[in-house]
Amino acid sequence: QVQLVESGGGLVQPGGSLRLSCTASGSISRFWVMGWYRQSPGTQRELVASCTNIGSTSYADSVKGRFTISRDNAKNTVYLQMNSLKPEDTAVYYCNLKSFGVPYWGQGTQVTVSS
């Protein structure tokens, strides 16, 4: 059984920074993709950033240059460093892992950007 534990959400002022982390445990393939999605009320869940076990990354256009995804393979953990946050970044952020072709989701962490 695979579990994802997220942390790092909260309230921040516009222009501020937050770092999210997601740690996976359980039976995980050596070849995985982990990423962060977000969803705000009335919208579809969207991919923010993703990272493979060998370090390939991709980002949504809306966060390029502001967000950075990184990994620690030894800890089965990915991080999302979010800088220059904007009110439109407000959402519930979900960690996602694809392992052996199966998607897993974290419980979600709220990020609120407001003055």
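Identify all residues within region 41-62 that are in a strand (DSSP E or B) and in contact with a helix residue (DSSP H, G or I) (Cβ under 7 Å, 6 or more places away or on another chain); write none if there are none.
Within region 41-62, Val48, Ala49 qualify.
Restricting attention to region 83-115, which residues are part of a loop (DSSP other than H, G, I, E, B) and open to solvent by 40 Å² or more (accessible area, probe 1.4 Å)?
Asn83, Ser84, Lys86, Thr90, Phe100, Gly101, Gln107, Ser114, Ser115
I'm checking my understanding of the structure. Among residues of region 50-59 that are surrounded by fewer than 18 Cβ atoms within 10 Å (Cβ to Cβ), of a type outside the set (Gly, Ala, Ser) and in contact (Cβ under 8 Å) with a residue 12 or more places away in the chain, which one is nearest to Ser114 (Cα to Cα)?
Thr57
Could you check region 82-95 and list, in sequence order, the residues that are touching a Leu at 6+ places or on another chain (Cβ under 8 Å) and closer than 16 Å to Val12 by Cβ?
Answer for region 82-95, where residues must be touching a Leu at 6+ places or on another chain (Cβ under 8 Å) and closer than 16 Å to Val12 by Cβ: Met82, Leu85, Tyr93.
Restricting to region 63-74, count the residues that are open to solvent by 40 Å² or more (accessible area, probe 1.4 Å), assigned to a loop (DSSP other than H, G, I, E, B) and among the charged types (D, E, K, R).
At the first step, the residues of region 63-74 found to be open to solvent by 40 Å² or more (accessible area, probe 1.4 Å) are 64-65, 68, 70-74.
The next check asks that each one be assigned to a loop (DSSP other than H, G, I, E, B); those that pass are 64-65.
Okay, now just the ones that are also among the charged types (D, E, K, R), so 64.
Total satisfying the criteria: 1.
A quick yes/no check of all residues on (1) open to solvent by 60 Å² or more (accessible area, probe 1.4 Å); (2) of a type in the set (Phe, Trp, Tyr); (3) at pLDDT below 95:
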{"residue": "Gly26", "(1), (2), (3)": "no, no, yes"}
{"residue": "Ser29", "(1), (2), (3)": "no, no, yes"}
{"residue": "Arg38", "(1), (2), (3)": "no, no, no"}
{"residue": "Gly42", "(1), (2), (3)": "yes, no, yes"}
{"residue": "Val48", "(1), (2), (3)": "no, no, no"}
{"residue": "Asp61", "(1), (2), (3)": "yes, no, no"}
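Quick check on region 7-24: of everything there that is among the polar types (S, T, N, Q) and closer than 19 Å to Ala49 by Cβ, which residue is least open to solvent (accessible area, probe 1.4 Å)?
First, the residues of region 7-24 that are among the polar types (S, T, N, Q): 7, 13, 17, 21, 23.
Filter once more, so that each one left must be closer than 19 Å to Ala49 by Cβ: 7, 17, 21, 23.
Details: Ser7: 57, Ser17: 63, Ser21: 25, Thr23: 56 Å².
Out of the qualifying residues, it is Ser21.
The values are calculated or read from the model by the stated rules, or taken from the named source; none is laboratory data. Everything quoted here is computed from the prediction, not taken from an experiment. Neighbour counts are summed over all protein chains in view; Cβ atoms, including those assigned to glycine, are modelled from backbone coordinates with ideal geometry. When the accessible area is computed, the model is the full protein with side chains, heavy atoms only, and any ligands, DNA or RNA have been set aside. Shrake-Rupley method; radii C 1.70, N 1.55, O 1.52, S 1.80 Å.
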